[in-house]
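Student: Got a structure for you, written out below as structure tokens; questions coming shortly.
The values are calculated or read from the model by the stated rules, or taken from the named source; none is laboratory data. Nothing here was measured: the structure is a model prediction, and the numbers come from that model. Cβ: placed from backbone, ideal geometry, glycine included. Neighbour counts: every protein chain shown. The area values use the complete protein model at the heavy-atom level, side chains included, leaving out ligands, DNA and RNA. Shrake-Rupley method; radii C 1.70, N 1.55, O 1.52, S 1.80 Å.
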Amino acid sequence: MLPGTTTYAKVKSGKQTLRSGIAGVDPDGCKPGAGWNAIVTWHLGKVTKDSIRVNSINIRHSNGRKLNVGSLSIVDDTKTVWNKGYGWYLPKGAINKPYTINKTLKVKKHKAYLVIRGQIADAPNERIECHQITRVYFYLKQKS
């Protein structure tokens, strides 16, 4: 499983909905089933060669154990433009979580990206014991 994936948005003035590939991790030193992955659906507005309007995202998490999501952040060329944190739990299994963003990302030089920081439970009673903080990345780039 790759810890990052790239989604390409078309340069256009209208709305577009794009689905990322799967990105995930299987932390070293944790018990079996400690891996987690996610897919992001991007709901975009106007996309230019220099910017991408992100209206909202939907994240489909899938994890083998309870997941502590430490934070979500969207970053553009220069700064973090949106952040949600710190610390909430998602149950074992698959779950969809929508988020309203309404931010324009400046992406003239690099890709913008969403990073999910998480820590997986690693004990029968589902306490967080694996102690390995992991990150998965969802890059967003324009194409003509």
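Student: Within region 92-116, restricting attention to residues that are open to solvent by 60 Å² or more (accessible area, probe 1.4 Å), free of Cβ contacts under 8 Å to residues at least 60 places away in the same chain and not in a strand (DSSP E or B), which residue is nearest to residue 15 (Cα to Cα)?
Tutor: 108
Student: Taking residue 85 as meeting all but one of (1) surrounded by 13 or more Cβ atoms within 10 Å (Cβ to Cβ); (2) at pLDDT below 95; (3) assigned to a strand (DSSP E or B); (4) of a type outside the set (Asp, Glu), write down the number of the exception.
Tutor: (1)
Student: Restricting region 2-34 to residues that are touching a residue at least 60 places away in the same chain (Cβ under 8 Å) and of a type in the set (D, E, K, R), which is farthest from residue 62 (Cα to Cα)?
Tutor: 10
Student: Anything in region 34-43 that is modelled with pLDDT of 95 or more and either open to solvent by 20 Å² or more (accessible area, probe 1.4 Å) or not in a strand (DSSP E or B) (or both)? List them, or say none.
Tutor: Within region 34-43, 39, 41, 43 meet the criteria.
Student: Somewhere in region 10-18, is a residue within 13 Å of the chain's Cα centre (by Cα) and at pLDDT 95 or above?
Tutor: No, region 10-18 has no match at all.
Student: Same structure again: Can you tell which of 46, 31 is in contact with a strand residue (DSSP E or B) (Cβ under 9 Å, 6 or more places away or on another chain) and either surrounded by fewer than 19 Cβ atoms within 10 Å (Cβ to Cβ) or among the aromatic types (Phe, Trp, Tyr) (or both)?
Tutor: The match here is 46.
Student: Please give the number of the condition residue 93 fails out of (1) within 23 Å of residue 43 (Cβ to Cβ); (2) modelled with pLDDT under 90; (3) more than 15 Å from the chain's Cα centre (by Cα).
Tutor: (1)
Student: Shifting gears a bit: Condition first: closer than 13 Å to residue 18 by Cβ and open to solvent by 30 Å² or more (accessible area, probe 1.4 Å). Now tell me which residues in region 57-76 satisfy that.
Tutor: Of everything in region 57-76, just one residue is closer than 13 Å to residue 18 by Cβ and open to solvent by 30 Å² or more (accessible area, probe 1.4 Å), namely 58.
Student: Name the residues in region 16-28 that are open to solvent by 40 Å² or more (accessible area, probe 1.4 Å), assigned to a strand (DSSP E or B) and not charged (D, E, K, R), would you?
Tutor: Once the filter is applied, which keeps residues that are open to solvent by 40 Å² or more (accessible area, probe 1.4 Å), assigned to a strand (DSSP E or B) and not charged (D, E, K, R), region 16-28 yields only 17.
Student: Something else: Before we move on, is residue 60 basic (Lys, Arg) and at pLDDT 95 or above?
Tutor: In short, yes.
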